[in-house]
Every structure is written in structure tokens, then in C-alpha cells.
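Novice: So that we are looking at the same thing, I have put the structure below in C-alpha cells.
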Amino acid sequence: MKTTLVIMAAGIGSRFGGGIKQLAAVGPNGEIIMDFSIHDAIEAGFDKIVFIIRRDIEQAFKEAIGDRIEKTCAELGVEIGYAFQAMDAIPAGFAVPEGRTKPWGTGQAVLACKGLVKEPFAVINADDYYGKEAFVQLHDFLQGYTPEKSGDLAMAGFVLKNTLSDNGAVTRGICQMNDAHYLTGVLETSGIEKTAEGAAAGGKSIDIDSLVSMNMWALTPEFIDLLDAGFVEFFEKAAPANPLKAEYLLPIYIDELLHDGKVSVKVLPTHDKWFGVTYAEDKQIVIDSFAKLIEDGVYQKDLFSDLKK
């Protein structure tokens, strides 16, 4: 079954340069984190990649990564598409509040794929490295899709200790699950720091082997219609309360659907180490981590060469 990887990259700034963390070179040939995610997705069996960007960064994005990836994907028989997130792409009958300067969050970003993504799909952040295991898990889960299972979703569950930064506190969604590993809720926890014993937030210790959400989802084509309906509800209820900053966020909406009994979310555990550039000091750690993965043979120095054989 055809499966798509959707990469949320609309948060990249309009001026490319050293300050844009999603475009920080972390590989030996100038690769960015996105390159490794695309490699791992194709290796796992995904055969379509959709970038969600903004119109104002289209040319710069294609120069920085899009053109290069399109060429590689053409050689590998992988389709490429672009979806565009725009602040004024809102439900009919509503207006963009005066003074609003930013799009409406990750839920709206995925909604930009309506009409473009008609198959089961995974969603990731552009600036996170998730490791190979999670892509295999999500791809295999999506292969079980049928229209009768349109409410069966999944997420990659990362072990908390594999997602912490040495350079400061992080916010993580700690998964609450039943015995069958289905999500029952996500406990959003801020200020999590490494400690001598493991991890703590607000002076309370946290189990470092807890599974956490890193915004990596397996979704169905029908989910986009649910997102569409939820966006109308968001404009009716949430947006008026905070018109300049309210965001329609994917994990919050999925949590709402979960509690309404409209979807189930299987948590697929992954034991790979997550990397991200949360703090400026993280960049060197990420560079060193990729160098070690290449040294250990997890990746080739010429990143996509193993897939072209």
C-alpha cells in the first residue's frame, strides 16, 4: 500500500541562514536533519514525501533542500509534493483577526495536505531526528489500513531518557496507556531536566523509562476530514479567546478525538535516541551523534547511496 511521509517545515523562517535551526548542517556533506529522516522513511518503505512549507519560503526551501531531494527521490521512484500553510487558509465565514502574524499551528499545517494526501500517512517535524526504528514501526502499522479502520491511528513512543537535552529543560508529552499499549492521555510536562538519579520536573522525579510523544504520528486519509471539522470548531470556540496567538495543535486535537471515542491511538515504542536542536549548544552534540552513526555504519557517508543499489 502506498504510504506518505508528511514533513512539517512551515515553521522555518523566511530568511535562511545560520540562525535557522531546521537548516543547520549536521552531516559530513552539509546534510540537515531532514535528509536523514527522508532516508529512513524511504528505507522503511514510504514512497511519497510531502513538504508543508509557506509560499514565501518556497524558492529558498527548494534551493536549500527541495531540489536536491527531488533529484534523489526521482532516482528512487519516490514521489515528492508540496503543501502550503497560509495564515488566511481558514474556514469559510471567519476572518483573520487584525494583528495576527503567524499561521494557526500544526493542525492547520496538516490540513494544508487536503486533496494532496489520499493515502495513509505519517507526520513528523522537520527539525527532529527520530531514528530508523520509528519509521519502520509507523510504516508497518499503516500497511494495515482499511477504510473500516479509519479511526485507528498510532504514534511513536520515545523513551524519555533518549529525548533529554544536556543543555537545559525540555517539555515532553508523557504517554498514559492501557495494558494493550493504547493511548489514554498525554500528560504535557514542562521543565524536565536531567538529574543524577534520572530526570525531574518542578522538583518531582519522573520515570526516565516513560514513553513520550515527539509529534510523530501515523494517520489515515479520513483523519484530514476530521481535522477540517475540528478547525471550524477551533474558530468557533478557541480562536476568539486568544485571536493573536491561539493555535490549532495536532496533539491537542487528537487528544480531544481520543476522549470523544472517535479514534484510537496505538503507542509504538521506539528505542532510538531522538536528536533535536532545542538549544544552540545542542548543535555540536547532534553533529557528533551523526558522525558516530556514520562511523558505526548506520548510515553511509554518501547518505542515499545504500538505497540506490
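Novice: Consider only pairs whose beta carbons are under 6 Å apart and that are at least six residues apart or on different chains; among these, list those whose first residue lies in segment 233-249 and is over 20 Å from A92 (Cβ atoms) and whose second residue is of a type in the set (D, E, K, R) and part of a loop (DSSP other than H, G, I, E, B).
Specialist: Filtered contacts from segment 233-249: L244/R100.
Novice: Here is a further query. Which condition number does S190 fail, the rest of (1) surrounded by 12 or more Cβ atoms within 10 Å (Cβ to Cβ); (2) modelled with pLDDT under 95 being met?
Specialist: Every condition holds for S190 apart from (1).
Novice: Given (1) within 24 Å of the chain's Cα centre (by Cα); (2) in a loop (DSSP other than H, G, I, E, B), identify the lone condition not met by A196.
Specialist: Of the numbered conditions (1) within 24 Å of the chain's Cα centre (by Cα); (2) in a loop (DSSP other than H, G, I, E, B), the odd one out for A196 is (1).
Novice: Right, another one. How do the pairs read when you match residues in segment 294-305 that are in contact (Cβ under 8 Å) with a residue 60 or more places away in the chain with residues anywhere that are loosely packed, with under 12 Cβ neighbours inside 10 Å and in a loop (DSSP other than H, G, I, E, B), using Cβ under 8 Å and keeping only pairs 6 or more apart or on different chains?
Specialist: Here the result reads I294/K301; K301/N29; D302/N29; L303/N29, each pair linking segment 294-305 to a residue that is loosely packed, with under 12 Cβ neighbours inside 10 Å and in a loop (DSSP other than H, G, I, E, B).
Novice: Mind checking whether some residue in segment 118-136 is without any contact (Cβ under 8 Å) to a residue 40 or more places away in the chain and either surrounded by fewer than 20 Cβ atoms within 10 Å (Cβ to Cβ) or in contact with a Lys or Arg (Cβ under 9 Å, 6 or more places away or on another chain) (or both)?
Specialist: Within segment 118-136 (the criterion being without any contact (Cβ under 8 Å) to a residue 40 or more places away in the chain and either surrounded by fewer than 20 Cβ atoms within 10 Å (Cβ to Cβ) or in contact with a Lys or Arg (Cβ under 9 Å, 6 or more places away or on another chain) (or both)), the answer is no, since none of the residues qualifies.
Novice: So which residues in segment 269-307 are within 25 Å of C73 (Cβ to Cβ), in contact with an Asp or Glu (Cβ under 9 Å, 6 or more places away or on another chain) and not small (G, A, S)?
Specialist: Within segment 269-307, T270, D272, W274, F275, V277, F290, Y299, Q300, L303, F304, D306, L307 meet the criteria.
Novice: So how many residues does segment 38-86 have that are more than 20 Å from V123 (Cα to Cα) and either polar (S, T, N, Q) or touching an Asp or Glu at 6+ places or on another chain (Cβ under 6 Å) (or both)?
Specialist: 2
Novice: Is it the case that some residue within segment 170-185 is assigned to a helix (DSSP H, G or I), touching a Ser or Thr at 6+ places or on another chain (Cβ under 8 Å) and surrounded by 15 or more Cβ atoms within 10 Å (Cβ to Cβ)? Write out each step before concluding.
Specialist: Let us first name the residues in segment 170-185 that are assigned to a helix (DSSP H, G or I), namely none.
No: segment 170-185 contains no residue that is assigned to a helix (DSSP H, G or I), touching a Ser or Thr at 6+ places or on another chain (Cβ under 8 Å) and surrounded by 15 or more Cβ atoms within 10 Å (Cβ to Cβ).
Novice: Which one of the conditions (1) surrounded by fewer than 15 Cβ atoms within 10 Å (Cβ to Cβ); (2) within 26 Å of C73 (Cα to Cα); (3) hydroxyl-bearing (S, T, Y) does T195 fail to meet, given that it meets all the rest?
Specialist: (2)
Novice: Go through D128, D56 for me and flag whichever is under 20 Å from A156 (Cα atoms) and among the charged types (D, E, K, R).
Specialist: D128
Novice: Can you tell me which residue is surrounded by the fewest Cβ atoms within 10 Å (Cβ to Cβ) among those in segment 266-291 that are out of contact with any Ser or Thr (no Cβ under 9 Å at 6 or more places or on another chain) and of a type in the set (A, V, I, L, M)? Give the steps one after another, and end with the answer.
Specialist: Our first condition is that a residue be out of contact with any Ser or Thr (no Cβ under 9 Å at 6 or more places or on another chain); within segment 266-291, this holds for 266, 268-272, 277, 280, 283-284, 286-291.
The next check asks that each one be of a type in the set (A, V, I, L, M); those that pass are 268, 277, 280, 286-287, 291.
Working: L268: 20, V277: 21, A280: 11, V286: 18, I287: 17, A291: 13.
Filtering segment 266-291 for residues that are out of contact with any Ser or Thr (no Cβ under 9 Å at 6 or more places or on another chain) and of a type in the set (A, V, I, L, M), the one surrounded by the fewest Cβ atoms within 10 Å (Cβ to Cβ) comes out as A280.
Novice: Going by the structure shown, is T163 under 18 Å from D272 (Cβ atoms) and among the β-branched types (V, I, T)?
Specialist: The answer is yes for T163.
The values are calculated or read from the model by the stated rules, or taken from the named source; none is laboratory data. As the structure is a computational prediction, the values presented were derived from the model and not from experiment. Note that each Cβ is placed from the backbone with ideal geometry, even for glycine, and that neighbours are counted across all protein chains shown.
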